[in-house]
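Take a look at the structure below.
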Amino acid sequence: MSNSLTILTFLPLLGALLVVLIPARKTVLLRAVGIVITLAALAFALGLAFQYDRAAGGLQYLEQRAWIPSLHIEYYLAADGLSLLLLVLAALVTPFALFALGDRSTKLGVGLILALETTLFGTFTALNFIHWFLYYELSLVPAFLLIRMGGSAKATAAATQFFIYTLFAGFAMLLGFLAIHQATGTFNLSELAGLAHKAKLGHALSAAFPGLPWINLLVFGGIFAGLAVKVPVVPFHTWLPDAYAEAPAPVSMLLTGLLSKMGVYGFLRLLIPLFPGLMQHLQLPLFGFALVTIIYSALAALGQKDLKRIVAYSSINHLGYCLLGLFAVTATLHGPVNDRAAAMNGVLLQIFNHGLTAAALFCFIGFIERRSGGLRGLNDFGGLRDAAPVLAGLMGIALFSSLGLPGLNGFAGEFLIFKGAFALAPLPSALAAIGLFVTAVFLLTLIERVFTGPLDAGWLTFPDLTVGERFTVAPAIALMFVLGICPQILIALFNQTVLHLLP
Amino acid sequence: MENIVIIAAVLVPLLPLLAAGLTAFLKREQRGLSASLVIGAQAIACAISFYLLLFAMVEDKGEPGIVRSFFNFSWLTFGHETLQLGLLLDPLSAGMAAMVSFVSLLIFIYSLGYMHEDRNFTRFFTFLGLFSGAMLGVVLSNSLLLTFVAWELVGLASYLLIGFWFHKPEAAAAAKKAFITTRVGDMGLLIGMFWLYKASGTLLFYDHGAGCLEQTALASMAKIGFCGMALSNVIALLIFCGAAGKSGQFPLHVWLPDAMEGPTPVSALIHAATMVAAGVYLVARVFPIFTATGPHSASLLAVAGIGAFTALFAALIAVAQVDIKRILAYSTVSQLGFMMLALGVGSVGAAMLHLLAHAFFKALLFLGAGSVIHGIHEEQDIRNMGGLWRKMPVTFMTYTVGMLALAGFPVLFSGFWSKDAILHAAHLWPVSQAPFYMAVAAAFLTAFYMTRQMAYVFFGDYRGNAAHPHESPDVMTIPLVLLAAAALLMSLPATPAWPWYEEFLAGKTPALELAALWEPGFLHIATTSLAIVFFGIGLGWLVYGRRALGDVDPLQAAAAPLYRALANRLYVDELYHATLVRPLRGVGYVMAWVDRQILAGIVRAVAWVSFLVSAISNGMDRFLINFGFDSSCDALREYGGGIASCEGGRVQGYLRVLCIGIVALLALVGWLLA
């Protein structure tokens, strides 16, 4: 039994403790520690991804120890292609955010970001529900405090809203799992998936709660609500634009790049394996949720005047495609395996690519905010490309990546999702294409208003990216090209896992 | 495909792309390096394209029919499936690649002069390289997916180049409009692509019998029905949506005239010669899907109808435009309509012939227009020109060649033969003669508006404000001369006597057959088109050539309302603005409002309700439930205080009580014993 996942998970926490010991005024040292630790975690995560036996797939790096046996709570960790994908993403975006934080690093900020990374690593590897839930909910604490670092009263309100909303949703999920535990006597997600596979889970639930004929739906609804808030699924999304807009940009990078992925991960790890039959049954409302999420958020983005809110709604839209792919897979349990694998592979690609691209976009908006003294309205600028051509060019690449331009990373995921989803569920997929169109409209409007036109007189001395800032975004931009041209790098990591995961 | 040919075919799109990638890292000052990298790469790509054309021409046939060499490679593996991309060399792609790389090269060289003073010269060549690489990718692709990828990159290059002078709000708006309008069509193409993938299990065009354009796939697609149509036709129509967007077909033509906000070399290369023809090329490429249910399939009917309508509609609008480039832009839309019409009536040969001929003479016209604009200091309004033939002889001569080719002037000019081929094909179409008559009318209008333009620009007296109109430098005029030569030479492989190009496309060995020129079918059409052209040029000269032109167009004086409607592009833009653009934006605002006020409002309401509930329960606790408890507590405390005072800690007190107690106890014991 290896300990690699435990070591990886607690490495950032160790860093956070180290940060606690360093005096607050030594900001350079604090930042250096944060960056070194997160880069070490990245190297570690990459190492695990490379060593992972792709041909075999399935769960590897297993760690299973008794924890609270009387409650069936174990310390149970393992990673498959899906976990590794998200571990690498988390390990990648965290140092990216630390670099973006730059000279505004504080003891509290660096420490909290490191602590957040631990909760993320934990969420993506824990396979006992209680163990998993602990990390899932604990992540709210550093996130809450980080959003509050935005400073304004609005930021505090947004942080509180975020915390209460997601905590409440978490309780709904917890109740669902307590009911499942009552019925089956286990919190082990692999065992539960095994039961569901043999169609025993539903019967067990019905048997355990004879007075409640709707128990399956109720439990499903609780878990769905818990995850839907996190993803988020419209209409459970209202905490998101406020949180993303009011948090400091590097924090928004973490929120959109990583925290929103916990929701989709939950769908893949918790909901779909446990309730495949029910989800097939409920395909109409589920497609409804996906389509509303995709189209509504795209249209809402079109109506925003704040750059951060535009990207926030665009994030909801992008995760909507993940939902479309997932629901297409669950709607067709006996459909052609290649189409289902295509959609599922697409979902995983989309998770990673969206994390990368949206984080980069928030990073760029952070750069703009620093130069404009906090202004970030759609109409506050004009012609910036003249004053800051490098910023305009690189952010343009990130925007076109978000738009799904072939050759950049965004395309491959969306292509595979639509390839699979269209074969499985043509009508919802064709309708979802409206979202692709509207995305182009609001992203090009953003470019038009901010970067083109005559240079606004107020911004004549708008400085271009510094060398440090260029190095901050260069790896992300390079990855957009690499993953756009050769998405097989990622698919090879999880294709086998996807075949295992298909319900 | 042989190895050397594979390498050659890969290099053709890759070299310009690599050059673009390298120049993206150059600084603004490294102008020479940027231009030489891109032009050098393009020159090599052009040479290789001609090598490929030669290869396609002399390739050992072995058997009759079209020889196709392709090279497929895997891009993705998901599930148990491998998705392949590939490159394809056949007469269609070889001819197109040679044209694209050649015209691109000439226009790149011309840009050296035209863009000489531009601040972002370095970046301009980066974008040109990106365009050329992507366009050659569209041409040489053997997979609809690769075509789509390159197609979108071409769209990006077009977006970047239309908006190249981004400080002009009109240019930025035009760039956005172009991208979004073509994306409407691309959504159709995208869905068509997924449907094709689903129906045929592959996106490769040719793959030893397993490709989506090959018999097995076509036969199965023709059999399945969808809403009363064969699936092949549904897919074909969806693909045509993309083609119509890119090739400016009605109703998606609105972006193309606005695209003239880009620098003139861009208008010439992208928005006249090559990219806008990509739609025509795409339809020609996937033509087997269109004809899967026969030569008069529903999808082809739509193509013919839209093509003929666009040809006539755009030609009408061109009559009343005053911007030299917009006239040419509407003429491009109209000519693309001709090509679509040819495809619709089943003649890929005529369509592609017209595409190639048009590429040369329209690039020539645009570069000529650029030379004029350059020579009179960025003036584009033809009412402010005039008499330029004296000042700009080379431009004038070459422009005349282009104009006559576009008008379809007989015999010497390539446009005559290609347009004739289209008219001929339309005439032979058994379904309806309407497209033929629409095309004839459009051909007449073409001759008319080009004569009008010539009269305004080159003849009469100079009416401009800029002093000293001058001829352009050699670096700009030499490409003009070369393109003029090409516009003339393209006649050679295009005549019915030696229909080299069409035979080459069809995989036949071309033969010289002079008798074909006297065939009654051909003669009939040729004389008709001859009459139209002379009538158009004659009428144009009558109206515009014989009088001094002022600000008021003679046509405007004669029929003001009609002229106004045409000058306003028949109000299509206004219609879209009112019915699509503003409603979409409005819906966006409504959604944003709903989000903030209603959905977030519900959350706020929940929060307020919880606050309210907690306030109420707080009150209940304090004043209702706790009331009795609190008061008994208070009473208890009071009495307790009294009792506690007994235990004040003073020993005397305790002793006193103790004494009293003992006395009392003794008294009690005594009383009991007694």
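If each residue's Cβ is checked for other Cβ atoms within 10 Å, how do B:M187, B:M397, B:M450, B:M591 rank with the fewest at the top?
B:M397, B:M187, B:M591, B:M450
What order do you get for B:237-250, B:101-114, B:543-556 when each peptide is scored by the mean count of other beta carbon atoms within 10 Å, highest first?
Put in order of decreasing packing, that is B:237-250, B:101-114, B:543-556.
Among the trypsin sites (Lys or Arg not before Pro) within region B:581-674, which fall in a DSSP loop and have no more than 10 other Cβ atoms within 10 Å of their own Cβ?
Qualifying residues, ordered by number: B:R650.
So for chain A, taking the charge dipole from beta-carbon charges (+1 Lys/Arg, -1 Asp/Glu), which of A:H354, A:L18, A:A341 sits furthest toward the positive end?
A:L18
In sequence order, what are the phi-derived ³J(HN,Hα) couplings for region B:371-382 according to the Karplus relation 6.51 cos²θ - 1.76 cosθ + 1.60 with θ = phi - 60°, rounded to whole Hz, with x for glycine and proline?
4, 4, 4, 4, x, 10, 6, 6, 9, 10, 7, 5
Can you grab the distance from the C-alpha centre of region B:192-243 to the C-alpha centre of region A:44-116, Å, no decimals?
So the two Cα centres are separated by 45 Å.
Counting only residues 5 or more places away or on other chains, whose amide H sits under 5 Å from the amide H of B:S143 once H atoms are built in the peptide plane?
Here B:G86, B:F205 satisfy the definition.
Can you give me the Rg/Rh ratio for chain A, using Cα atoms for both radii and the Kirkwood formula for Rh?
Here the Rg-to-Rh quotient is 0.96.
Of B:K419/B:K508; A:K230/A:K305; A:K261/B:K176; A:K200/A:K419, which sit over 29 Å apart, Cα to Cα?
Cα-Cα > 29 Å for A:K261/B:K176; A:K200/A:K419; rest within.
Restricting attention to the alpha-carbon atoms of region B:148-214, what are Rg (one decimal) and Dmax (integer), both in Å?
Rg and Dmax of region B:148-214, Cα atoms, are 16.4, 52 Å.
With viscosity set to 1.306 mPa s at 10 °C, what whole-number translational diffusion coefficient in µm²/s follows for region B:347-430 from Stokes-Einstein and a Kirkwood radius over Cα pairs?
Taking Rh from Cα pairs, D becomes 113 µm²/s.
Based on the alpha-carbon gyration tensor of region B:214-285 and its eigenvalue square roots a ≥ b ≥ c, which shape applies: rounded if a/c is under 1.5, prolate if not and a/b is larger than b/c, or oblate?
Here region B:214-285 falls in the oblate category.
How far apart, in nanometres, would the label points at A:S152 and A:W67 be if each is projected 7 angstrom from Cα along the Cα-to-Cβ direction?
If labels sit at A:S152 and A:W67, their model points lie 3.9 nm apart.
Quick one: which residues, 5+ away or cross-chain, put their amide H under 5 Å from the amide H of A:Q60? H built at 1.01 Å from N.
Correct list: A:A79, A:D80.
In region B:4-49, what trypsin sites (Lys or Arg not before Pro) fall in a loop by DSSP, with at most 15 other Cβ atoms inside 10 Å?
Taking region B:4-49 and a limit of 15 other Cβ atoms within 10 Å, the loop trypsin sites (Lys or Arg not before Pro) found are B:K27, B:R28.
Take the alpha carbon atoms of region B:321-341, find their center, do the same for region B:498-515, and report the distance between the two centers in whole angstrom.
That distance is 29 Å.
Per-residue Cβ counts within 10 Å, from other chains only, averaged over A:399-405: what number is that?
Neighbouring Cβ atoms belonging to other protein chains average 2 per residue here.
Just to check I understand the Karplus step: with θ = phi - 60° and J = 6.51 cos²θ - 1.76 cosθ + 1.60, what whole-Hz values come out for region B:207-223, glycine and proline as x?
7, 6, x, 9, x, 6, 9, 9, 3, 4, 5, 4, 4, 5, 5, 6, 7
Helix A:337-372 versus the longest principal axis of chain A: what angle, 0 to 90°, nearest 10, using Cα atoms?
On a 0 to 90 degree scale, this one is about 30.
With unit charges on the beta carbon (Lys/Arg positive, Asp/Glu negative), name the residue among B:L76, B:L213, B:G588 whose Cα is farthest towards the positive pole of the charge dipole of chain B.
Ranked along the dipole, the leading option is B:G588.
Regarding chain B, what is the average projected area of its C-alpha convex hull, in nm²?
54.9
Rank A:G34, B:Y654, B:L599 by how far each Cα sits towards the positive end of the charge dipole of the protein assembly as shown (+1 on Lys, Arg Cβ; -1 on Asp, Glu Cβ) and give me just the farthest.
The listed residue farthest towards the positive side: B:Y654.
Evaluate peptide A:446-453: per residue, the Cβ atoms of other protein chains within 10 Å of its Cβ; return the mean as an integer.
Averaged over the peptide's residues, the number is 5.
For region B:440-560, just say rounded, prolate or oblate: build the C-alpha gyration tensor, square-root its eigenvalues into a ≥ b ≥ c, call rounded for a/c under 1.5, and beyond that prolate if a/b exceeds b/c, oblate if not.
Oblate shape, in that a/c is at least 1.5 and b/c is the bigger or equal ratio.
Just the projected area, averaged over all directions, of the convex hull on the alpha carbon atoms of region A:1-89: how many nm²?
Result: a mean projected hull area of 7.3 nm².
Taking the inverse of the average 1/r across all pairs of different Cα atoms in region B:401-450, what Kirkwood radius in Å do you get?
Over region B:401-450, the inverse of the mean reciprocal pair distance is 11.1 Å.
Placing unit charges on C-beta atoms (Lys and Arg positive, Asp and Glu negative, everything else neutral), compute the dipole magnitude of region A:255-372 about its Cα centre in debye, rounded to 20.
320
What is the log10 of I(q)/I(0) for the protein assembly as shown, computed with the Debye formula using one identical point scatterer on each Cα and no solvent, at q = 0.04 Å⁻¹?
-0.27
Suppose R0 equals 35 Å. What FRET efficiency, 1/(1 + (r/R0)^6) with r the Cβ-Cβ distance, do A:N379 and B:A43 give to the nearest 0.05?
Result of the calculation: an efficiency of 0.20.
Hey, rough spin-label estimate for B:V431 and B:V581, points 7 angstrom out along Cα→Cβ, what's it come to in nanometres?
3.3
Once you order the gyration tensor axes a ≥ b ≥ c over the Cα atoms, which shape class does region A:227-314 get: rounded for a/c under 1.5, otherwise prolate or oblate by comparing a/b with b/c?
Because a/c hits 1.5 or more and a/b fails to exceed b/c, region A:227-314 counts as oblate.
In whole angstrom, how far apart do the alpha carbon centroids of region A:308-345 and region B:568-613 sit?
25
Give me the angle, in degrees from 0 to 90, between the Cα long axis of helix B:600-619 and the longest principal axis of the Cα atoms of chain B, rounded to the nearest 10.
Relative to chain B, helix B:600-619 is tipped by roughly 0 degrees.
Go ahead and collect, in residue order, the members of region B:301-330 whose backbone nitrogen is under 14 Å from a label point 7 Å along the Cα-Cβ direction of B:Q556.
B:319-324
If you rank B:T527, B:T182, A:T452 by fewest surrounding Cβ atoms within 10 Å, what's the result?
The most exposed by this proxy come first: B:T527, A:T452, B:T182.
Per DSSP helix of 4 or more residues, -39500 (n - 2.57); summed, then divided by the residues of chain B. What does that give at 222 nm, rounded to the nearest 500?
After summing the helix terms and dividing by residue count, I get -22500 deg cm²/dmol.
What number does region B:86-145 give for Rg over Rh if you use C-alpha atoms and the Kirkwood radius?
Radius of gyration over Kirkwood radius for region B:86-145 works out to 1.09.
Can you put B:W593, B:W417, B:W429 in order of Cβ neighbours within 10 angstrom, beginning with the fewest?
B:W593, B:W429, B:W417
Under 10 °C and 1.306 mPa s, how fast does region B:134-270 diffuse according to Stokes-Einstein, given a Kirkwood radius computed over C-alpha pairs? Answer in µm²/s, whole number.
100
If you take each beta carbon of peptide B:582-595 and count the beta carbons of other chains within 10 angstrom, what is the mean?
The per-residue average across the peptide is 6.
Enter the angle in degrees (range 0 to 90, nearest 10) between the Cα long axis of helix B:582-593 and the first principal axis of the Cα atoms of chain B, meaning the one along which they spread out most.
Compared with the principal axis, the helix lies near 10 degrees.
Using per-residue counts of other Cβ atoms within 10 Å, averaged over each peptide, order A:164-170, B:257-263, B:520-526 from highest down.
Final packing ranking: B:257-263, A:164-170, B:520-526.
Values quoted throughout were computed directly from the atomic coordinates according to the rules given, and no laboratory measurement underlies them. Since this is a predicted model, take the numbers as computed values, not measurements. Positions of Cβ are backbone-derived with ideal geometry, glycine not excepted, and every protein chain shown enters the neighbour counts.
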